[in-house]
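Presented below is the structure to which this report refers.
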Amino acid sequence: MTIRNILIHPDPRLKKVCDPVPEVDAKIRKLADDMLETMYDAPGVGLAGPQIGVMKRIFVIDCADKEETPDPMVLINPEITWTSEELNTYEEGCLSIPDIYEEVTRPEKVRMKFLDVHGKPREEEFDALYATATQHELDHLNGKLFIDYLSKIKRSMITNKMKKLKKEKARA
Ligand code: GNR
Ligand code: NI
């Protein structure tokens, strides 16, 4: 397995709509392994293809508590089939926008259909942190970041901060 480099906002690849995965083959399974390793190393509760520059509709999540056994999930070509009317506000972060945390309101529960790592069609209901994370990751596949839910002024402040961070990183 390989830890891949995580792209930092702003990057044009984080703004693009990703392509469906035509077939869940060995290459996709290797990609999923790399994404899980990269997510655990970061560490984060989710990671989407475009965050490592892979413009495909795939993300991984693991929202298990630290004390619990790991719960790695791979979602390929995910689609929302139902959202609850009840909303939930969660302080979100993103590995592509390090050290920034802001409240985002989303449906409290969602159902998604997707292909698992074996290419098997599945449908699952997500709640709590799983619901927040799956919606945050699906947004990545559509070129959307959690800061897109904030005011224009907040978003541009965060973007400027990230531009500075990237310059510092390039120098180091
Ligand atoms: O690690 C992550 N934590 C998190 C916390 C609240 C809401 C969403 C997330 S996802 C984020 C990892 C990430 O950037 N995934 O795209
Ligand atoms: Ni993210």
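The values are calculated or read from the model by the stated rules, or taken from the named source; none is laboratory data. As the structure is a prediction and not an experimental result, all values here were calculated from the model. Cβ sites come from the backbone with ideal geometry, for glycine too, and all protein chains shown count toward neighbours. Side chains are part of the model used for accessible areas, which takes the heavy atoms of the whole protein and leaves out ligands, DNA and RNA. Shrake-Rupley method; radii C 1.70, N 1.55, O 1.52, S 1.80 Å.
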Any hit, the stretch 103-119, residues being farther than 27 Å from PRO12 by Cβ and modelled with pLDDT under 95: no
The stretch 34-49 - residue that is within 13 Å of ILE76 (Cα to Cα) and assigned to a helix (DSSP H, G or I) and, of those, nearest to the chain's Cα centre (by Cα): GLY49
Members of the stretch 37-70 that are under 26 Å from ASP99 (Cβ atoms), open to solvent by 60 Å² or more (accessible area, probe 1.4 Å) and not aliphatic (A, V, I, L, M): TYR40, ASP41, PRO43, ASP65, LYS66, GLU67, GLU68, PRO70
Residue satisfying all of: in the stretch 127-152; under 25 Å from VAL54 (Cα atoms) and away from ligand 1 (no atom under 12 Å from the Cβ); most open to solvent (accessible area, probe 1.4 Å) among these: ASN142
Residue in the stretch 66-77 that is away from ligand 1 (no atom under 16 Å from the Cβ) and in contact with a Phe, Trp or Tyr (Cβ under 7 Å, 6 or more places away or on another chain) present: yes
Selection within the stretch 1-32 - within 15 Å of the chain's Cα centre (by Cα) and more than 24 Å from ASP148 (Cα to Cα): ARG4, LEU31, ALA32
Filtered residues of the stretch 23-33 (kept if assigned to a helix (DSSP H, G or I) and charged (D, E, K, R)): LYS27, ARG29, LYS30, ASP33
Which listed residue, of PRO121, PRO107, PRO98, is more than 16 Å from ligand 2 (Cβ to nearest atom) and either open to solvent by less than 70 Å² (accessible area, probe 1.4 Å) or among the small types (Gly, Ala, Ser) (or both): PRO107
Residue in the stretch 75-91 that is open to solvent by less than 40 Å² (accessible area, probe 1.4 Å), within 13 Å of ligand 2 (Cβ to nearest atom), of a type outside the set (Phe, Trp, Tyr) and assigned to a strand (DSSP E or B) present: no
ILE97 vs. criteria within 23 Å of ILE3 (Cα to Cα), of a type in the set (A, V, I, L, M) and at pLDDT 95 or above: yes
Residue count, the stretch 124-172 (criterion: in a helix (DSSP H, G or I), in contact (Cβ under 8 Å) with a residue 24 or more places away in the chain, under 17 Å from the mean Cα position of the chain (by Cα) and within 16 Å of ligand 2 (Cβ to nearest atom)): 15
Near pairs, Cβ below 7 angstrom, 6+ apart or cross-chain, from the stretch 43-58 (near ligand 1 (Cβ under 9 Å from one of its atoms)) to any residue that is modelled with pLDDT of 95 or more and polar (S, T, N, Q): LEU47/THR38; GLN51/SER96
